[in-house]
Amino acid sequence: MCGYHQLTRISDFSWVMLTGELGLTQSDLDVPKVDNTLGTENGTFLYLDTQNRKEGERSLIESEIVAENSGILCFHFFLSINEFNTAKLVMIRKDVNFPDVSDVFFFANNSEGDGWRYHMIELNN
């Protein structure tokens with residue numbers, strides 16, 4: 001997952017790597033039909049099935065540690081949230097020296113319509 005990993009010991013359910021090919025065959029799940037990079041059913045993306053989930057359940061992934069003196073970093077990603085998805089996406093920055101302190105730097109919980117939407121966030125040290 002490109003330097004990211006699932007925090008299975010504290011997650012209630014899992015992110016999965018899917019392709020749009022699965023989305024083309026599903027009618028009851030809200031799986032995208034294509035990925036953003038290739039724009040075809042052959043590309044891959046991370047998917048979180050939120051059907052039948054309870055309020056407060058969560059699924060966490062974590063990036064590798066970024067060096068403290070990295071300067072300004074740009075975090076680029078594409079996100080697809082629509083009216084059938086009930087999830088919230090919260091991105092948190094943590095300091096390895098202060099593990100109990102966290103900083104929310106991105107939050108999304110509203111439908112953006114069908115399709116992928118580009119997001120770019122600048123992160124300072």
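The values are calculated or read from the model by the stated rules, or taken from the named source; none is laboratory data. Being a predicted model, the structure only gives us computed values, none of them experimental. So basically every Cβ, Gly included, is an ideal-geometry build from the backbone, and we count neighbours across all protein chains shown. Areas reflect the complete protein model, heavy atoms only, side chains present, ligands, DNA and RNA absent. Shrake-Rupley method; radii C 1.70, N 1.55, O 1.52, S 1.80 Å.
Within segment 1-17, work out how many residues are touching a residue at least 60 places away in the same chain (Cβ under 8 Å) and more than 13 Å from the chain's Cα centre (by Cα). Please lay out each step first, then the result.
Going through segment 1-17, the residues touching a residue at least 60 places away in the same chain (Cβ under 8 Å) turn out to be 1, 3-4.
In the following step, the residues that additionally are more than 13 Å from the chain's Cα centre (by Cα) were identified as 3.
Total satisfying the criteria: 1.
So I121 clears everything in (1) in contact with a Ser or Thr (Cβ under 6 Å, 6 or more places away or on another chain); (2) in a strand (DSSP E or B) except one condition, right? Which one? Result: I121 fails condition (1) only.
Does E55 qualify as being farther than 20 Å from I121 by Cβ, of a type in the set (D, E) and either in contact with a helix residue (DSSP H, G or I) (Cβ under 7 Å, 6 or more places away or on another chain) or surrounded by 12 or more Cβ atoms within 10 Å (Cβ to Cβ) (or both)? Here the answer is no, as E55 does not meet what is asked. The set of residues from segment 3-27 being at pLDDT 80 or above and open to solvent by 90 Å² or more (accessible area, probe 1.4 Å) comprises T8, R9, M17.
Quick one: would you say D30 is open to solvent by less than 80 Å² (accessible area, probe 1.4 Å) and more than 16 Å from G115 (Cβ to Cβ)?
Numbers: open to solvent by less than 80 Å² (accessible area, probe 1.4 Å): yes; more than 16 Å from G115 (Cβ to Cβ): no.
Spelling it out, it is not the case that D30 is open to solvent by less than 80 Å² (accessible area, probe 1.4 Å) and more than 16 Å from G115 (Cβ to Cβ).
Residues that are of a type in the set (S, T, Y) and in contact with a Lys or Arg (Cβ under 8 Å, 6 or more places away or on another chain) were ranked within segment 65-115; the one that is nearest to T50 (Cα to Cα) is T86. Filter segment 67-125 down to the residues that are more than 22 Å from G3 (Cβ to Cβ), of a type in the set (S, T, N, Q) and open to solvent by less than 90 Å² (accessible area, probe 1.4 Å), then identify the one that is modelled with the highest pLDDT. Looking at the filtered set, the residue picked out is N109.
Of all residues assigned to segment 25-33, at least one qualifies as being touching a residue at least 60 places away in the same chain (Cβ under 8 Å) and in contact with a Ser or Thr (Cβ under 6 Å, 6 or more places away or on another chain).
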